[in-house]
Every structure is written in structure tokens, then in C-alpha cells.
Amino acid sequence: MLMVLRSVARSSVAGVREWTCANVLAIVALLLFAARGRIPDVLSIDVANLLFLGAPALMLAGFERHLGRRAPYRALAALVTASTVALGIFHYGVDAMAVRVALSSFFHGIVCVAMAWGLRPWAHPDRARYPIRFAFGAALTLAAAHAVRAVMYASHHDAQVTLFDSSPVNLVCFALGTLALPGLTLGAVMMANAGLIGQARYAAEHDHLTGAWSRRAFFGRAERAHADAVRRGGPLSLLIFDVDHFKAINDTHGHAVGDQVLADLVARTGTVLRGDVCARLGGEEFAVLLPDTDADAAVRLADELRRTLERADVAGAGAGVVRFTVSVGVASLDEGESLESLLQRADAALYAAKRGGRNQVQDARATEDVGETLA
Ligand SMILES: Nc1nc2c(ncn2[C@@H]2O[C@H](COP(=O)(O)OP(=O)(O)OP(=O)(O)O)[C@@H](O)[C@H]2O)c(=O)[nH]1
């Protein structure tokens, strides 16, 4: 499992350090348990128990950190300490191995229940489903197995038992104990990998400066929206807009303020066109796809966007503010029209808006009518 964890060790995934330490503790603990009789009891019993209790506690801490929460280190340390003291009492006070096993299982059960509760899939709808379900299932199974084991050993506390008895119960418990951490670790690594894949996909699909969809993602979505509109015969509109005199903003206020204007523009666009895909086509040019929106509604939305951006204040250099405007081209899909042609018409409308004096919306239908009249 340590080798499996190495695959994500160099990533910045939260929790990997705790999961790795948990596995190291468990391995050392199992080696100490196995050396019973050949090394002092304090090592093979007390230290081994302490490490063995620390392992699930660290697994839980790792999951909590991975899920973006603070790990409850103090509560876990208190629980591990209290359990170690209790185990010590049943070693040095009354030497009762069955009680020690029951106590240890009780502790593991509590930690596994807390782990399962933190991992409950319905509380994390935005995460990849299978990894979190797997980890949740592993934690629950372990909690149940430890509960059964705790009850069985507690009810036979006066029997002479050893961890390596070949009774069926002992064998099942031993198998579960051996599979416990690997099962949880596998779930953890799956979650870490799903997170890394999600991050990579986000980076590929989004512009890092503004958070808008990337050009590549936009064209993928545009193709799907176009195919959908053609199949259903529904409307599809497209806005392409560009910041006016953006070079002057950069020259006057600096590139950093120019960047801030672009990020601000995308954030404000999101408030006007909720749920619709805003993409950065390049430089200071953006596009928004409007499925199920006809030409008139698209022009109204475009003008609402233009007016919203016109009113926006962005902090400029010093105490000054920067105002900016956009020019917008709007086109709606004609019957049988290709996506390429729709894009070209929206682009032509944008340049008509620029030529017309900027800070305005141009409807492709109007620019085409003018073109036809002139021809
Ligand atoms: N700050 C910043 N500037 C950028 C970025 N990408 C492109 N630019 C700048 O955007 C400017 C675009 O200038 P132009 O193409 O001349 O357009 P404009 O000044 O907006 O003029 P019109 O579009 O005709 O209104 C250039 O100066 C680019 O350097 C970016 O990510 N950040």
C-alpha cells in the first residue's frame, strides 16, 4: 500500500501524508505484534497497540483533510491516549488479552464510524462517486467487523485467547485486520486520483486567468449544442464579445489591472447569463452559447450584459477605478446552418459593432440585411 501511495505522494493532494504515516504505523505495529515473545512485552504489546490505534486515527485525519476540513488531531490524540492507558491497565493491572482485543476493536470501531460519517457520499455530491463510495463502504464494513469482534471478545473475556489462534472467528478477525488498512488506503488513493484527474480536466477546460471555459472546451460544447439544436429543431444563439480599446486599458493602468478587468468581466457575465457557457476565445474576446434561446431573446440578453459591464468599476492603479465597455455580435442558428457559419456570422456582427462605434450590440440579421441591400 505504501507503494500505491507513492503514486500520489508527490502531488499536492491533501491527506496523502497522513495516509502514508498511517500505513507506516500499521506495518511497524504488525511487525512488533509478530515478534511477541522474542522482544520485550512493552514493545510487542504496549507500543504495538499504541501504533495500531494511531493508524486508523491518522487515516481518519487524512480523509478529513482530503475533504477540505480540519483534522480533529486533539480529539484523536485524546482517544488514542485514553485507549492506550486502558489497554495498559489490562496488561499491567489485570493481564487479560481478550479484554485488550475487545477494547482495541471498540476503539477501531469508533474511529471507523467517524470516518464513514465524514465520507458519507450524499454529503459530497460534487466528488467522483465510486471512490468515495468505496472508501465509505470500507470504513462501514470495518466498523461493523470491529463491533462484532469487540462484542465477541468482551463476552469471552475470561477465555484464554491469543491473536494467532486458528479458531474461525480469530481467522476472520485476523483477515479483516490485515485487509482493513489496505481497503481504506485503496479508497484513499482512488479519491486522490479522482481529485487529480478532476484538477487536470478543470485546467484543460478552463482559462486559468478568468475561470471562463477554454477555447477547446467551448468548441466541444458548441458542437454538442449545435447537434442537439439540429436534432430537436430548437433555437441556438451565440454571443461573441470583445472589450473595447483594451490595449489602452493595459497601456494606461498596466497589465495586472488589464488582467483584473478580464477576470471581473467573466464574473459579471456569470451573474447575467447564469448557467450559460462563457468561454474565452483568446485575448480579450469571449463567447457565450445560448441553447434554447431565439434571436430576439439573445439580443435582449446581450444588451443586458453590455449594460451591466458598462456600469462595472474595477479597481485601477492607485485609488482610481477602471471603466470598460464591450461590443457584442449576436447570431442565431438558421435552418440547416453549420456551426462554423454561425460562428462566422456572430464574428462578423461583432466587427460591425466595432465599426459602428463600439459599446453596442449588433444582431447578425441586421448586418446581413445591410450587406444584402448594399449588394
Ligand atoms: N492584461 C492582458 N492583456 C491582454 C491579454 N491578452 C491579450 N491582451 C491584450 O489585449 C490587447 C488587445 O488589443 P487590440 O487587439 O488592439 O484591441 P483593443 O485595444 O481592445 O481594440 P478594439 O478591440 O478594436 O476595441 C493587446 O494589447 C493585448 O496585449 C491578457 O491576458 N491580459
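The values are calculated or read from the model by the stated rules, or taken from the named source; none is laboratory data. Not measured: the values here are computed from a predicted model. Every residue, glycine among them, receives a Cβ derived from its backbone with ideal geometry; neighbour counts consider all protein chains shown. Ligands, DNA and RNA are stripped out before the accessible areas are found, and what is left, the full protein with its side chains, is counted by its heavy atoms. Shrake-Rupley method; radii C 1.70, N 1.55, O 1.52, S 1.80 Å.
Observations on the structure shown:
- Dmax and Rg, reported as Rg then Dmax, of region 2-205 (C-alpha, Å): 17.7, 63
- Convex hull volume of the Cα atoms of region 10-68, normalised per residue: 56 Å³.
- Note on the chain: GNM, Cα springs under 10 Å; of Arg100, Arg17, Arg224, the largest mean-square fluctuation is that of Arg224.
- Value in Å of the Kirkwood radius, where the chain supplies the Cα pairs that are averaged: 25.3
- Kirkwood's formula applied to the C-alpha pairs of region 93-139 gives a hydrodynamic radius of 12.3 angstrom.
- Accessible area of the chain belonging to carbon and sulfur atoms, whole % at 1.4 Å probe: 60
- Computed from the alpha carbon positions, the gyration tensor of region 220-320 leads to an equivalent ellipsoid with semi-axes of 30, 14, 10 Å, biggest first.
- Once C-alpha pairs closer than 8 Å and six or more residues apart are averaged by separation and normalised to the residue number of region 215-374, the relative contact order reads 28 percent.
- When only Cα pairs below 8 angstrom with a gap of at least 6 residues are kept, the chain shows a relative contact order of 12 percent.
- Counting only DSSP H runs of at least 4 residues, each contributing -39500 (n - 2.57), and dividing by the residue count of the chain, the helix-based mean residue ellipticity at 222 nm comes to -21500 deg cm²/dmol.
- Working note: Debye formula, equal point scatterers on the alpha-carbon atoms of region 264-375, no solvent; log10 I(q)/I(0) at q = 0.22 Å⁻¹ is -1.33.
- Pairwise label distance in nanometres, Tyr92 with Val230, each label 7 Å out on the Cα-Cβ vector: 8.0
- Loop GluC sites (Glu not before Pro), region 258-340 (other Cβ atoms within 10 Å of the site Cβ: 10 or fewer; DSSP): Glu335
- Listed residue (Thr185, Leu76, Val151) projecting farthest to the positive dipole end of region 2-205, Cβ model: Thr185
- The mean accessible area for residues of the chain, using a 1.4 Å probe and ignoring ligands and nucleic acids, is 51 Å² per residue.
- Projecting the Cα atoms of Ala102, Pro131, Gly88 onto the charge dipole of region 2-205 (Cβ charges, centred on the Cα centre) puts Pro131 farthest toward the positive pole.
- Qualifying trypsin sites (Lys or Arg not before Pro) in region 256-348, DSSP loop, other Cβ atoms within 10 Å at most 10: Arg274
- Asp126-Asn193 FRET efficiency (beta carbon distance; Förster radius 22 Å; 0.05 resolution): 0.85
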